[in-house]
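Visitor: Handing you a structure now.
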Amino acid sequence: MWSKFGVSSRGGAHIRHELPCQDASLCREGTGYLIAAAADGHGSRKHFRSQIGSELACIVACDCLESFVQGLATGNLPAEVEIELLKQNMLLQWRQAVEADAAQRIWTIEELLEQKELLDEEEYAALIDDRSRWIPYGTTLAALLVTEYFYLAVQIGDGEVLTISRDGVFSWPMPESEVNHGR
């Protein structure tokens, strides 16, 4: 019923600056639903693990959306409070996944030396004290859940989610005021 695809590739600027591809995408299909997630790593030296952060964001988004849709009764539309809890849960689970990754891969001497040059004193102290472990993993996220009854778009950070109708008309289903900047 649906066609899905996703691809991420390392851009020219990333090649020139010897940075990895910091974007990720993931699609899942289940009985009666399709889930797609795309994450755009922040792409700066300050976010030196954003390629991992974007991969984790896609996995968490797909896991959360899959649990969400499987928890709904067939044909029911989700309530606004359920959607708000879903968004909060996605952000919480992403931060937990980042915490777990950072605990497994402690900051290297090279990473810390580079960050000492890039960050101000307060930011560097927060990095060292593990008060903001997720900053190096910085990414944006756009995820979509499509069922035969509804579709749900979730966005964290900047970027655009748009729809294209069968007759080729583009629309933006998320007003700017509703964009969640991960705070």
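The values are calculated or read from the model by the stated rules, or taken from the named source; none is laboratory data. It should be emphasised that the depicted structure is a prediction, and the values quoted were computed from it without experimental measurement. With ideal geometry, Cβ positions are generated from the backbone for all residues, glycine too; neighbour counts draw on all protein chains shown. Keep in mind that these areas ignore ligands, DNA and RNA; they rest on the heavy atoms of the full protein, side chains included. Shrake-Rupley method; radii C 1.70, N 1.55, O 1.52, S 1.80 Å.
Visitor: Please work out the average accessible area per residue across the range 31-183, using the 1.4 Å probe convention, and give it in Å². Don't jump to the answer; show the numbers that get you there.
Guide: Details: 8920 Å² over 153 residues.
The answer is 58 Å² per residue.
Visitor: Suppose every K and R has +1 on its Cβ and every D and E has -1 on its Cβ; what is the size of the dipole of the range 81-183 about the Cα centre, in Debye to the nearest 20? Before the final figure, lay out each step's value.
Guide: Details: 8 positive and 20 negative charges, 85 e Å.
That gives a dipole near 400 debye.
Visitor: Over the chain, how many percent of alpha carbon pairs lie in each 5 Å bin up to the one with the longest distance?
Guide: 1, 7, 15, 18, 18, 15, 10, 7, 4, 2, 1
Visitor: Same structure again: Can you give the charge dipole size of the chain about its Cα centre, rounded to the nearest 20 debye, using +1 on the beta carbon of Lys and Arg and -1 on the beta carbon of Asp and Glu?
Guide: Working: 15 positive and 28 negative charges, 90 e Å.
For the chain, the charge dipole is close to 440 debye.
Visitor: Taking the alpha-carbon set of the range 40-107, what are its Rg and Dmax in Å?
Guide: Gyration radius and largest Cα-Cα distance of the range 40-107: 14.7, 47 Å.
Visitor: I've got another one for you. So for the range 84-183, averaging the separation of alpha carbon pairs under 8 Å that are six or more residues apart and normalising by length, what relative contact order in percent results? Mind dumping the intermediate values first?
Guide: Details: 69 pairs, mean separation 17.8, N = 100.
Relative contact order for the range 84-183 comes out at 18 percent.
Visitor: Here is a follow-up. Take every Cα pair under 8 Å in the chain that's 6+ residues apart, average their separations, divide by the length, and report that relative contact order as a whole percent.
Guide: Details: 253 pairs, mean separation 43.1, N = 183.
Worked out over the chain, it gives 24 percent.
Visitor: Take the solvent-accessible surface of the protein heavy atoms, probe 1.4 Å, and return the percent of it on the chain that carbon and sulfur atoms account for.
Guide: Details: 5900 of 11200 Å².
Answer for the chain is 53 percent, counting heavy atoms of protein chains only.
Visitor: If you don't mind, another one. Say R0 is 30 Å: what FRET efficiency, to the nearest 0.05, do residue 10 and residue 82 get from their beta-carbon distance? Show your work: numbers first, answer last.
Guide: Numbers: r = 38 Å, r/R0 = 1.25.
Efficiency, rounded to the nearest 0.05: 0.20.
Visitor: How much length would be gained if the chain were fully extended between residue 121 and residue 172, taking 0.36 nm per residue of separation minus their Cα-Cα distance, in nm to one decimal? List each step's numbers first, then the result.
Guide: Working: separation 51, 0.36 × 51 = 18.36 nm, distance 4.00 nm.
Roughly 14.4 nm would be gained on extension.
Visitor: Under 8 Å for C-alpha pairs, at least 6 residues apart: give me the relative contact order for the range 105-162, rounded to a whole percent.
Guide: Details: 34 pairs, mean separation 11.8, N = 58.
For the range 105-162, the relative contact order is 20 percent.
Visitor: Using packing as a proxy for protection, rank 45-57, 141-153, 161-173, 119-131 so that the peptide with the highest average count of other Cβ atoms within 10 Å comes first. Mind showing how you got there, number by number?
Guide: Values: 45-57: 23.6, 141-153: 18.4, 161-173: 9.2, 119-131: 12.3.
Packing proxy ranking, top to bottom: 45-57, 141-153, 119-131, 161-173.
Visitor: Extension gain residue 46-residue 153, at 0.36 nm per residue separation less the Cα-Cα distance, in nm? If you can, show how the numbers build up before the last one.
Guide: On the way: separation 107, 0.36 × 107 = 38.52 nm, distance 2.85 nm.
Computed gain between residue 46 and residue 153 is 35.7 nm.
Visitor: Taking the simple approach of a point 7 Å from Cα along Cα-to-Cβ for both residue 112 and residue 21, what is their distance in nm?
Guide: Reported label-point gap for residue 112 and residue 21 is 3.3 nm.
Visitor: Hey, another quick one. Using R₀ = 45 Å, calculate the FRET efficiency as 1/(1 + (r/R₀)^6) where r is the Cβ-Cβ separation of residue 72 and residue 129; round to 0.05.
Guide: Working: r = 41 Å, r/R0 = 0.91.
E(calc), rounded to 0.05, equals 0.65.
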